[in-house]
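The values are calculated or read from the model by the stated rules, or taken from the named source; none is laboratory data. Only a predicted model underlies this, so the values are computations on that prediction, with no experimental measurement involved. Glycine also receives a Cβ, built like all others from the backbone with ideal geometry; neighbour counts cover every protein chain displayed. When the accessible area is computed, the model is the full protein with side chains, heavy atoms only, and any ligands, DNA or RNA have been set aside. Shrake-Rupley method; radii C 1.70, N 1.55, O 1.52, S 1.80 Å.
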Amino acid sequence: MSTLLSIALLSPPYTNLTYARPAWLPGSLWQTGMRVAVPLGKSGGLRVGVVMDADAPQAPEGVEIKEAMWPLERVPLLTPEYLEMVRQLAVRHLLSAGEVLGSLLPAGLRTSQVRLRVLGSGKPRTLYLKEVAKASLPERTHLGEAWATGNVEVLDAGFDAEVQEVCVVTQDPPWPVRPSAKRQIEVLEYLWDNGAVSRKILLGQCGAQASQALNALAERGLVAVGPLESLSSLACSCPVQTEEDADALLPMHDAGFVLTPAQQEAVDEFTGALDSEFPETRLLFGITGSGKTAVYLELAARTLQRRKSVLLLAPEVALACKLERAVRAALAGSDVFLFHGYQSAAERERTFRALASREAPCIIIGTRSALFLPVPQLGALVLDEEHDGSFKQDERLVYQAKEVAHFRMQQVKGLLVLGSATPDIKTFHAARQGLIPLARLAERVGGGTLPDVELVDIKGLSPSDGLLAPKSLAALKDVISKGEQAVILLNRRGYAPLMYCLDCGTVARCPHCEIGLTYHKGRERLVCHYCGYATPYPVTCSSCKGLHYLPMGEGTEKLEEGLVHALPPGTKVLRLDRDSTRRPGRMEAILEAFGKGEAQVLVGTQMLSKGHHFPNVTLAIIADGDLGLNLPDYRAAERTFQLLVQASGRAGRGEKAGRVFIQTRDPAHYCWEFVRSADYEGFFDEEIRRRERRRYPPFVKLALVRASFPIDWEPGAGWLDSLTLLAREKGKASGVLVLGHTPSPLPLLRGRKRFQWAFKGQDWTSIRSVFHEMRVAAPRDGKLRLALDIDPVNM
Ligand code: ADP
Ligand code: ZN
């Protein structure tokens, strides 16, 4: 055994460094997979790292090797299998292991603000690690002995409840708050956009003077401030529900029902795979309302019976919470964990630790980030709504959950089930080729039939008529008069998406992104939907100083307002979008109220198309069916098809038949024929033909290389040109076609200019190697940032 440790740093510079086992601790206490504190640089400041290899090879001659400082646990948090996953991710994304771990581990597991509690004779004392670092060698040795005998413990880092104060908005604020209270508005805007935030982070962001504003807001009851535990029900968007509430949201009295033959067949097939040596991937292709959830639950039960864990992933927090309730109802008595991004950092840390130290199988339900939990005995993984774009993470560590899931399940020889009514074209292509065996649920359970879909041509509709064609409005009134319900999908939030200056014709734009600002009437603000920039309205026009803006177009807020006037008195309209659901618990409240029939109409963005089950909805109106078709993305038709079939799937799920109206200015588009009959396979055949002809995935691999630099950085343009030349030349040699550079769809974001190249090639390896050459050639001062986005979701 060497005496050296190879350690991945979890904060910049994120490198892998070699450290020596220190003299003050028995060498055997350092193990692979452990989190440890190590000194870095001349100042010797402490960093947290993970031991990637406790038996590291000798470092090169002449490199000075420091001693590691202290282990942060006795039993390694991470298993060799987990570290292997990290290594593979790092290779795939050309990152260091530290960068990967830095984005996978909850924040509390990465901080070096750690204290040790020393027990033994007399009163226990606590000391910070940095004090240990300054202590004399005999003192450290003394501590080391105490550690070895179990007389020193590590206190949880910055996240113990009594230290951590969290702020959260408690009610929809009465926008606008007095303009004189500028700080208060700032604090409120920040919390509104970021959810529950620790006081320290908030003050770090809004300045120390914000402290007073925060107190004032707390006094008015607009913001709650307190220890995490007391706020956790507020801070989590998914409050614990009573049995009765849960039933209202989830019409799944499943203790009772028997699986249909199709469901049974799917379960048997998956179980067979589970019991085989290499279960690999399966597709559950089931139309909307065909009862896919019941299949997942039965599969989960059988996996647990085999003493293996199950991971269930949903594309959205609300759906994950719904799935969790279904699991708790159906599999009472099993150990269930929920994990998603709306939970507080402390909650996520707790789950991570609990799983890491656990051996017994359990069920974990979550959104994409749950994929990286250290699940014990992982046996089956379900990705529900596998086509959904939110399984792709675009920021920091860019990854496609499906890809990681595939590789993770290969690693543990477990079963991966992808479920959808409208699978990703790539997934279905693989199924057609026989690479992914497929189970079908071709009918709705309980006799519900697929809705009747009609196209409503709105070419001639004048903007002053509002968004709904007379025909759609008539159908809506008819549904309401019968005591039934309707949903209206409009994938554009806010009041008006464009603000024109009537005096000079200038459009109001975000100063950071150049994107048009959206008017939010309830907030009396113009908001940038990309960076969150918000400015009070009215504002003066940036070019002529005029004050007369004309709101153009229509968002969900305006649609909701218009409907209240257009529909019979007494009709209640609810709205579901990111604005109406920001406050914790609001989304559940809206869905629940609508589920109980407290409103007749629910207006919403794509949030509303996913997974919800409202038996009394007999009409779905798609207000602007064309919205997605004109996107500059080869998947525009696929995404539109998926969104509309899913949205249509909300109608007619009960006993009464449903109808869907799709409003369009382009009734001849090939997509509609298939949407109308919810004919996924018909659509697939047409789409795959087009992709083959135009050389798009799945026939080639497609990647984007994104570049950005500060607006005022002059060498930027020159670098883009030379990198383009380099990429073309290297690409030619390895069969990669390099297109661009072109400005990104958001050419300016947060003060940086953004460009992109599209790479088309036959395999990822050659694409990666061209990117690698670019990165090697690029300047290293950090001005120019380059990132590789494999299989991009947002072109
Ligand atoms: P999907 O996810 O495929 O759209 P769901 O799983 O939401 O469909 O199921 C739709 C409805 O059918 C739910 O209310 C569910 O409880 C019910 N259901 C599922 N399977 C059965 C069954 N075998 N017998 C009766 N009802 C069922
Ligand atoms: Zn902006």
Restricted to region 298-443, the DSSP antiparallel beta bridge percent, nearest 5, is 10
FRET efficiency for E67 and S357 from the Cβ-Cβ distance with R0 = 25 Å, rounded to 0.05, comes out at 0.35
Taking Cα atoms, the helix 210-219 axis meets the longest principal axis of the chain at an angle in degrees (rounded to 10) of 60
Percent antiparallel among DSSP beta bridges confined to the chain, nearest 5, equals 55
For the pair E655 and A474, the simple spin-label estimate (label points 7 Å beyond Cα toward Cβ) gives in nm 2.9
If the chain between S11 and A216 were fully extended at 0.36 nm per residue, the gain over the current Cα-Cα distance would be 70.2 nm
Taking Cα atoms only, helix 716-734 is inclined relative to the longest principal axis of the chain by an angle, in degrees rounded to 10, of 90
Under 14 Å by backbone N from the virtual spin label 7 Å along Cα-to-Cβ at R586, the residues of region 502-531 are 520-525
Ranking S43, L9, A68 by how far each Cα lies towards the positive end of the charge dipole of region 3-71 (+1 on Lys and Arg Cβ, -1 on Asp and Glu Cβ), the top one is S43
Expressed in angstrom and rounded, the centroid-to-centroid distance over alpha carbons for region 251-311 and region 454-490 is 39
The size of the Cβ-based charge dipole (Lys, Arg +1; Asp, Glu -1) of the chain about the Cα centre, to the nearest 20 debye, is 1660
The distance between the Cα centres of region 502-539 and region 325-369, in whole Å, is 40
One finds, for E280 and H772 with R0 = 30 angstrom and r their Cβ-Cβ distance, a FRET efficiency to the nearest 0.05 of 0.50
Relative contact order as a percentage, the chain, C-alpha pairs under 8 Å and 6+ apart, gives 10
The simple spin-label model distance between N151 and S481, using points 7 Å out along Cα→Cβ, in nm, is 8.6
Measuring from the longest principal axis of the C-alpha atoms of the chain, the long axis of helix 764-777 (C-alpha) lies at a number of degrees, nearest 10, equal to 60
By the Cα gyration tensor axes a ≥ b ≥ c (a/c under 1.5 gives rounded; else a/b larger than b/c gives prolate, otherwise oblate), the shape of region 62-124 is prolate
Output ordering of 719-730, 591-602, 407-418 (per-residue mean of other Cβ within 10 Å, highest first) is 407-418, 591-602, 719-730
With only helices counted (DSSP H, runs n ≥ 4, each -39500 (n - 2.57)), the per-residue ellipticity at 222 nm for the chain, to the nearest 500, works out to -10000 deg cm²/dmol
Taking the convex hull of the alpha-carbon atoms of the chain and averaging its shadow over every direction gives an area in square nanometres of 37.6
Everything considered on the Cα gyration tensor (a ≥ b ≥ c; rounded for a/c under 1.5, else prolate if a/b is larger than b/c, else oblate), region 33-78 must be described as oblate
The local net charge around G483, scoring Lys/Arg +1 and Asp/Glu -1 for residues other than G483 whose Cβ lies under 15 Å from its Cβ, equals +1
Rounded to 0.05, the calculated FRET efficiency for the beta carbons of R87 and E265 at R₀ = 41 Å is 0.55
Rounded to one decimal in nm, the spacing of the 7 Å Cα→Cβ label points at E681 and A668 is 3.0
Counting sequence-distant residues (5 or more places) and residues on other chains, those with an amide H built under 5 Å from that of Y533 are C528
The correct ranking of M587, M34 by accessible area at 1.4 Å, largest first, is M587, M34
Looks like region 554-688, by Cα gyration tensor root eigenvalues a ≥ b ≥ c and the a/c under 1.5 rounded cutoff (else prolate when a/b is bigger than b/c, oblate otherwise), is prolate
